[in-house]
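Here, each number is a calculation from the coordinates, and none is a lab measurement. Computed from a predicted model, the values in this text were never measured in an experiment. Backbone-built Cβ (ideal geometry, glycine too); neighbour counts: all protein chains shown.
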Amino acid sequence: MRVLVAGREGQVARALVARLVPDGHVVTALEPPELDLTDRAGIAAVVERAAPDLVVNAAAYTAVDRAEDQPDLAQAVNCTGAAWLAEAAAARGAPFVHFSTDYVFDGLKGAPYAETDAPNPAGVYGATKEAGERAVLAANPRSAVIRTAWVCSPDGANFVKTMLRLAKEREEIRVVADQHGAPTFAADLADAVARMAPRLLAAKAGDEAFGLFHLSGTPHTTWHGFTAEILKQAARRGHPAPRLVAITTDEYPTKARRPPDGRLNCGKILRVHGVAAADWRVSLGRCLDVLVGPVKENER
Ligand SMILES: NC(=O)c1ccc[n+]([C@@H]2O[C@H](COP(=O)([O-])OP(=O)(O)OC[C@H]3O[C@@H](n4cnc5c(N)ncnc54)[C@H](OP(=O)(O)O)[C@@H]3O)[C@@H](O)[C@H]2O)c1
């Protein structure tokens, strides 16, 4: 299979390359200046040249707080550009995989969100991603849009790496305990795409293989609960373990409002594609093996 991945250095893009190449797939992963989602003609030319069987968009404007000040750029990348890439894939007859976010929801439902729940984004990033979902599905009916959350990996900037750095610098870490969701490791998202690919390639427009899907890790937790597990598993690898204090969102103000409860119900992707939510605690262990090192002999 020939796969074109938009994004190269991003967390999900790198995980896709790592997952697909060993299986013998030919993967072209590009980001600016080779592939810029704000350049429609450039996108079409790249897709034409790469001649992909499958196009995966792992590129996005992901700076949630900065997006509040750069709504036009966020919209250009997350909506308009994503749709141009989907359109170019459609012109080649290639299915399209796109990632979206739990931030399309306001987080007030009080239960895990299903794909049928109405979005109501609280900030610019979520609004541009929500518009992007609709634009992508309209531009290429053979699109699978995977909403995910709290993405982490050994690469790029993410919550795990921030907590490991703070654990070295501080005696106490204060983390919000009233925002609910689930960490998702990029490797598990890449694995999902690899498993979905054969069906996406074979299915016709209108098949239930396409459309919206939710996929995060399991079980649900809070940022505080996630941090407790990071610190516990890191300590078993010899990393410093500072005191962890639970705080409220009000005590940690950010420019963009986050959904207080963005838990995703991942039942549909399991039913349709046979992809089960991965236990993020296991994936975290693999991530820490890379970032910190193996579990110490006396901690096994
Ligand atoms: N990270 C999360 O917590 C999270 C949560 C839910 C959903 N998601 C979604 O999951 C997907 C993958 O996220 P990720 O964490 O892998 O993101 P990431 O690590 O921030 O990577 C995004 C990549 O997109 C590239 N990019 C930015 N603007 C571009 C443009 N105009 N044209 C082409 N490439 C561009 C970035 O390049 P530069 O670095 O050079 O700008 C970066 O390599 C995204 O759709 C995101 O919205 C992420």
Working carefully through the options Val175, Val136, find the one that is within 15 Å of the ligand (Cβ to nearest atom) and either buried (at least 19 other Cβ atoms within 10 Å of the Cβ) or not charged (D, E, K, R) (or both).
Val136
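Rundown of residues vs (1) under 22 Å from Thr101 (Cβ atoms); (2) surrounded by fewer than 18 Cβ atoms within 10 Å (Cβ to Cβ), yes/no style:
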| residue | (1), (2) |
| --- | --- |
| Leu200 | yes, no |
| Gln233 | no, no |
| Leu244 | no, no |
| Asp261 | yes, no |
| Val272 | yes, yes |
| Val275 | yes, no |
| Trp280 | yes, no |
| Pro294 | no, yes |
Residue in the stretch 143-153 that is crowded, with 22+ Cβ neighbours inside 10 Å, over 20 Å from Ala190 (Cα atoms) and more than 10 Å from the ligand (Cβ to nearest atom) present:
no
Selected residue (only one of Arg66, Arg49, Arg2, Arg40 is within 20 Å of the chain's Cα centre (by Cα) and of a type in the set (D, E, K, R))
Arg66
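Out of everything in the stretch 116-126 that is closer than 23 Å to Trp223 by Cα and over 16 Å from the mean Cα position of the chain (by Cα), what residue ends up being surrounded by the most Cβ atoms within 10 Å (Cβ to Cβ)? Even if it seems obvious, please write down each step before you answer.
Step one: of the stretch 116-126, the residues closer than 23 Å to Trp223 by Cα are 119-126.
Those left that are additionally over 16 Å from the mean Cα position of the chain (by Cα): 119-124.
Numbers: Pro119: 20, Asn120: 15, Pro121: 21, Ala122: 18, Gly123: 22, Val124: 24.
This residue is Val124.
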Taking Glu34 as the residue in question, decide whether it is more than 8 Å from the ligand (Cβ to nearest atom) and outside any helix (DSSP H, G or I).
yes
Name the single residue, out of those in the stretch 1-31 being of a type in the set (D, E, K, R) and closer than 21 Å to Ser153 by Cβ, that is farthest from the ligand (Cβ to nearest atom).
Asp23
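Conditions (1) in contact with a Gly (Cβ under 9 Å, 6 or more places away or on another chain); (2) crowded, with 17+ Cβ neighbours inside 10 Å, marked per residue:
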| residue | (1), (2) |
| --- | --- |
| Arg8 | no, yes |
| Leu16 | yes, yes |
| Leu20 | no, yes |
| His25 | no, yes |
| Leu30 | yes, yes |
| Glu34 | yes, no |
| Ala45 | no, no |
| Val55 | no, yes |
